[in-house]
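Take a look at the structure below.
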Amino acid sequence: KLPAFSLLFLFVGMFCLPQAVYAQSKAEIKVLRLFFTEEDLIVQSPTRSSKPISQVAENIVVINSNDIEQMNAHSVAEVLQRVPGLFVDWNKDFGSTSLIHIQGSEPRHVLVLLDGITWNLLSEGSAETNTIPVAIIDKIEIIKGPASSTWGSSLGGVINIITKKAGNTDKPTASLSASYGESDTQDYRFQLSGKAGEVGYYLFGGSQGSDGLRGSRHFENKSFFSKLKIPIAEDTNIGFSLGYSEPDQQIGDFPSNDLKVNGLNRVFFTNVTFDAFITKDLNFTATIYNKNYKFVQNNVALGLGYMGATDELVLENIFDEELTGLNSNFIFKKSIHTAVFGFDFEQGKLCQARKAGQLFQLLGAPSLSETNPEIDKWALYANDTISFDRWSLTGGVRYDYNDITGSFFSPSLGLTLNPSNNFTLRFATAKGFTIPPLSSTSGGGLFVDPNPSLKPEEVSSYQFGIETIISKHFWLKTTFFHHYIENSLKQLSRGGGPPNYNDIWINNGNIQREGCEIEIETLPINNFSLFSAMAYVNLNPPSEVGSSNMFNYIFGIKYIDNDSFNAQLFGHKIWWNYDESYNGKYDDFIWDFNLNKKLFSSKRNFFEMFFTAHNIFNGSQYTWSDNKNPERWVEIGIRLRFF
């Protein structure tokens, strides 16, 4: 529970501590600009209203499009693995699927958004990000810890992906990029932005492919995205966006299960946004969106004798989802207040089908089973950031209701203090939740019955952070967190097989997650800078995969000379502590090297070559022996821009 005395403590502390943070002084902003871009100092995810990062009490990370380009990244998972406290479980192959954990949370606890569209799957609750073209991303804002008072079902945190803006110049800007690497790995991208009359536009088209960097895996994807911004009156705009992506993946061979697995994704999404200033102090925004997602996973026998003859159907899963929603809010800024009042609505429909092969039919599974669960959700929320001199206090509340698990009330309170220009303290306490996946409450699965009586998982969370710049040469950030989860979900095994003893999901007690994060970065000296980070999570009791603690370590060195070339050496290690039966191996650092060399630049054109060496020391980092990461592989590419 979130005890009342903790709220009282923060309110009392607000008046007892020295004056703290609202408006950053010119001296403070000047120092922060040495480590951050101007855009990174303004965020919108914590309260759904733009505000300086110095007013944010939550543990937040910002990644911009330039960061992504310097990584030569091909996927969202590749970008997120560089964030301390994010544990990304993926095989590091080109375009591979991934599971995202924040501070030891389950993947279903992490809410992923794309321009306000919920990206989490109705069926499983987690989000698959290989359907998001990394080139369309302008910014990623990551909140580590519950954000339910603002976003609803997000017990573990929020990954808010914001796409690039429509152009604002009559002369269009275009860019082309192409890369080629081992195993016929290719990535081609085209982008165009500008204005046609008063209408701003942004267009993207991309194609990716790989014969597979390890074993029998391969990947193909074609994607498209467009955005329009149409002014209809002074301070009033309508925006449209539309996107499509079709990852097609040979997931690989799994000898221990005698399976060969293929995956096919299709996602089509669109939204319409209305934005208007009603007065100089009051802004209204509303977004209507629709997302259609289809996923097909085909499991056939590898031919080792466990499941059947080679290529014989074992199981085919088909998930067809449609999500329709509305987000709207009023933002009021006056004097020391920035208040937000909003309403969210979302309707989800899931068509879930399974085709069973002869083996599972002999065990009692029907040859074809289909369910069509639905869910309706709505919410009201409000928050206010009160800022004066050197302190900032943010309180938020949200009421969520859905027609399966009922209602949930999420309060939060955060305080930031800036005793000096280069020193920030952050305190945050919140109560949050995650609703069970639709398959577990209404759809069921192979030898798994639905449980409509499941309750939401709940969390009570406390975080304390220090962020400081030491002697204008070092940036240091430290965060301590404690999350207490109630009603945690567990799949109860009842033997498997015919309906009389199918498994079922239940609420199963409490989990405590606590730990710390430390990040440090140096100011460039002769264009060189160093960065490192560590995150630790203790889990009590251990997770279902046997993990009682988790670590990740990040080390790197950058050389940034924008007139010539940029280079990065990045090392990353995760210690998962999984049960030994998984036969995982993650003792090694994975080291990647990126080089971007500018060959020509003028006011009208830009030409750059880049080179990346992945896993340069052939390290191993995988949680399951059947799903190993690639060994060393290299690629080379070009970028051209026309202004």
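The values are calculated or read from the model by the stated rules, or taken from the named source; none is laboratory data. All of these numbers come straight from a predicted model, not from anything done at the bench. Positions of Cβ are backbone-derived with ideal geometry, glycine not excepted, and every protein chain shown enters the neighbour counts. For accessibility, only protein heavy atoms count, side chains too; no ligands or nucleic acids. Shrake-Rupley method; radii C 1.70, N 1.55, O 1.52, S 1.80 Å.
Among the residues of the range 514-537, write down those that are touching a Ser or Thr at 6+ places or on another chain (Cβ under 7 Å) and under 30 Å from Tyr484 (Cα atoms). Can you show your working first?
Initially, the range 514-537 is screened for residues touching a Ser or Thr at 6+ places or on another chain (Cβ under 7 Å), giving 516-518, 520-523, 529-530.
Correct list: Cys516, Glu517, Ile518, Ile520.
Within the range 436-444, none of the residues are of a type outside the set (Lys, Arg) and assigned to a strand (DSSP E or B). Consider the range 370-380 and keep the residues that are surrounded by fewer than 18 Cβ atoms within 10 Å (Cβ to Cβ) and touching a residue at least 24 places away in the same chain (Cβ under 8 Å). The one that is farthest from Val300 (Cα to Cα) is Leu380. Selection of strands (runs of 3 or more DSSP E) fully inside the range 470-546 by the criterion of at least 1 residues being more than 17 Å from Pro450 (Cβ to Cβ) and open to solvent by 20 Å² or more (accessible area, probe 1.4 Å) returns 474-486, 511-522, 528-540. Scanning the range 406-462 for residues that are modelled with pLDDT under 95, β-branched (Val, Ile, Thr) and closer than 26 Å to Leu368 by Cα gives a single hit, Val448.
Restricting attention to the range 254-285, which residues are of a type in the set (S, T, N, Q), in contact with an Asp or Glu (Cβ under 6 Å, 6 or more places away or on another chain) and modelled with pLDDT of 95 or more?
Keep residues of the range 254-285 that are of a type in the set (S, T, N, Q), which gives 256-257, 262, 265, 270-271, 273, 279, 283, 285.
In the following step, the residues that additionally are in contact with an Asp or Glu (Cβ under 6 Å, 6 or more places away or on another chain) were identified as 256, 285.
Within the range 254-285, just Thr285 meets the criteria.
Filtered by the rule that a residue be over 21 Å from Ile574 (Cβ atoms) and part of a helix (DSSP H, G or I), the range 43-95 gives Ile53, Ser54, Gln55, Ser65, Asn66, Glu69, Gln70. Against the list (1) at pLDDT 95 or above; (2) surrounded by fewer than 22 Cβ atoms within 10 Å (Cβ to Cβ); (3) not polar (S, T, N, Q), the condition Asp67 fails is (1).
Looking at Leu326, Leu413, which one is within 20 Å of Leu155 (Cβ to Cβ), among the aliphatic types (A, V, I, L, M), under 29 Å from the mean Cα position of the chain (by Cα) and open to solvent by 10 Å² or more (accessible area, probe 1.4 Å)? Write out each step before concluding.
Working: Leu326 fails: within 20 Å of Leu155 (Cβ to Cβ).
Leu413 is the lone residue from the list that is within 20 Å of Leu155 (Cβ to Cβ), among the aliphatic types (A, V, I, L, M), under 29 Å from the mean Cα position of the chain (by Cα) and open to solvent by 10 Å² or more (accessible area, probe 1.4 Å).
If the condition is being within 20 Å of Gly95 (Cα to Cα), more than 14 Å from the chain's Cα centre (by Cα) and crowded, with 24+ Cβ neighbours inside 10 Å, then the range 130-155 contributes only Ile136.
Please work out if Ala428 is over 26 Å from Leu282 (Cα atoms), assigned to a strand (DSSP E or B) and among the small types (Gly, Ala, Ser). Before the answer, list the steps.
Details: over 26 Å from Leu282 (Cα atoms): yes; assigned to a strand (DSSP E or B): yes; among the small types (Gly, Ala, Ser): yes.
Yes: the conditions hold for Ala428.
Among the residues in the range 530-549, are any among the charged types (D, E, K, R), in contact with a strand residue (DSSP E or B) (Cβ under 6 Å, 6 or more places away or on another chain) and within 29 Å of Gly104 (Cβ to Cβ)? No. Do you know which residues across the range 245-259 are surrounded by fewer than 17 Cβ atoms within 10 Å (Cβ to Cβ) and free of Cβ contacts under 8 Å to residues at least 40 places away in the same chain? If the condition is that a residue be surrounded by fewer than 17 Cβ atoms within 10 Å (Cβ to Cβ) and free of Cβ contacts under 8 Å to residues at least 40 places away in the same chain, then Glu246 is the only one that fits. Looking only at residues in the range 219-244 that are open to solvent by 40 Å² or more (accessible area, probe 1.4 Å) and β-branched (Val, Ile, Thr), the one that is nearest to the chain's Cα centre (by Cα) is Ile238. Pairing residues of the range 183-198 that are of a type in the set (A, V, I, L, M) with residues that are part of a loop (DSSP other than H, G, I, E, B), at Cβ distances under 7 Å and at least 6 apart in sequence or on separate chains, gives Leu192/Pro172.
Among the residues that make up the range 285-302, is at least one of them open to solvent by 60 Å² or more (accessible area, probe 1.4 Å) and over 30 Å from Gly194 (Cα atoms)? Yes; the residues of the range 285-302 include at least one that is open to solvent by 60 Å² or more (accessible area, probe 1.4 Å) and over 30 Å from Gly194 (Cα atoms).
Taking into account only those residues within the range 559-584 that are of a type in the set (D, E, K, R) and modelled with pLDDT under 95, which is least open to solvent (accessible area, probe 1.4 Å)? Step through it out loud before you land on a result.
In the first step, residues of the range 559-584 are kept if they are of a type in the set (D, E, K, R); the result is 561, 563, 573, 579-580.
Narrowing the set further to residues that are modelled with pLDDT under 95 leaves 561, 563, 579-580.
Values: Asp561: 41, Asp563: 136, Asp579: 74, Glu580: 160 Å².
Here the residue is Asp561.
Name the residues in the range 201-234 that are of a type in the set (Ser, Thr, Tyr) and modelled with pLDDT under 95, would you? Answer for the range 201-234, where residues must be of a type in the set (Ser, Thr, Tyr) and modelled with pLDDT under 95: just Ser216. Scanning the range 443-465 for residues that are open to solvent by less than 30 Å² (accessible area, probe 1.4 Å), farther than 21 Å from Gly104 by Cα and within 24 Å of the chain's Cα centre (by Cα) turns up nothing. Each residue in the range 260-284 was checked for being assigned to a strand (DSSP E or B) and either open to solvent by less than 30 Å² (accessible area, probe 1.4 Å) or farther than 30 Å from Asp311 by Cβ (or both), and 17 of them qualify.
So which of Asn329, Asn383, Asn418, Asn402 is touching a residue at least 24 places away in the same chain (Cβ under 8 Å), more than 30 Å from Glu312 (Cα to Cα) and touching an Asp or Glu at 6+ places or on another chain (Cβ under 7 Å)?
On the way: Asn329 fails: touching an Asp or Glu at 6+ places or on another chain (Cβ under 7 Å); Asn383 fails: touching an Asp or Glu at 6+ places or on another chain (Cβ under 7 Å); Asn418 fails: touching an Asp or Glu at 6+ places or on another chain (Cβ under 7 Å).
Answer to the check: Asn402.
In summary, Leu213 fulfils each of the numbered conditions (1) assigned to a strand (DSSP E or B); (2) in contact (Cβ under 8 Å) with a residue 40 or more places away in the chain; (3) surrounded by 20 or more Cβ atoms within 10 Å (Cβ to Cβ) with the single exception of condition (1).
Tally up the residues in the range 585-607 that are basic (Lys, Arg) and within 24 Å of Ile68 (Cβ to Cβ), please. Before the answer, list the steps.
From the range 585-607, those basic (Lys, Arg) are 585, 597-598, 603-604; that's our starting set.
With the extra rule that they be within 24 Å of Ile68 (Cβ to Cβ), the set shrinks to 597-598.
Looking only at that region, the number is 2.
One residue stands out among those in the range 170-189 that are at negative phi and outside any strand (DSSP E or B): the one that is least open to solvent (accessible area, probe 1.4 Å), which is Pro172. Counting only residues that are open to solvent by 60 Å² or more (accessible area, probe 1.4 Å) and either at pLDDT 95 or above or among the acidic types (Asp, Glu) (or both), the range 381-405 holds 5 of them. Looking at the range 589-620 only, could you name the residues that are at pLDDT below 95, in a loop (DSSP other than H, G, I, E, B) and open to solvent by 60 Å² or more (accessible area, probe 1.4 Å)? Once the filter is applied, which keeps residues that are at pLDDT below 95, in a loop (DSSP other than H, G, I, E, B) and open to solvent by 60 Å² or more (accessible area, probe 1.4 Å), the range 589-620 yields Lys603, Arg604.
For every residue, the table says whether it meets (1) farther than 25 Å from Ser407 by Cβ; (2) within 27 Å of the chain's Cα centre (by Cα); (3) surrounded by fewer than 20 Cβ atoms within 10 Å (Cβ to Cβ).
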residue	(1), (2), (3)
Glu316	yes, no, yes
Thr338	yes, yes, no
Gly342	no, yes, no
Pro366	yes, no, yes
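Every residue in the range 286-306 that is under 25 Å from Phe345 (Cβ atoms) and in contact with a Lys or Arg (Cβ under 9 Å, 6 or more places away or on another chain), please. Steps first, answer last, please.
Restricting attention to the range 286-306, the residues satisfying the condition of being under 25 Å from Phe345 (Cβ atoms) are 286-295.
Of everything in the range 286-306, those that are under 25 Å from Phe345 (Cβ atoms) and in contact with a Lys or Arg (Cβ under 9 Å, 6 or more places away or on another chain) turn out to be Asn292, Tyr293, Lys294, Phe295.
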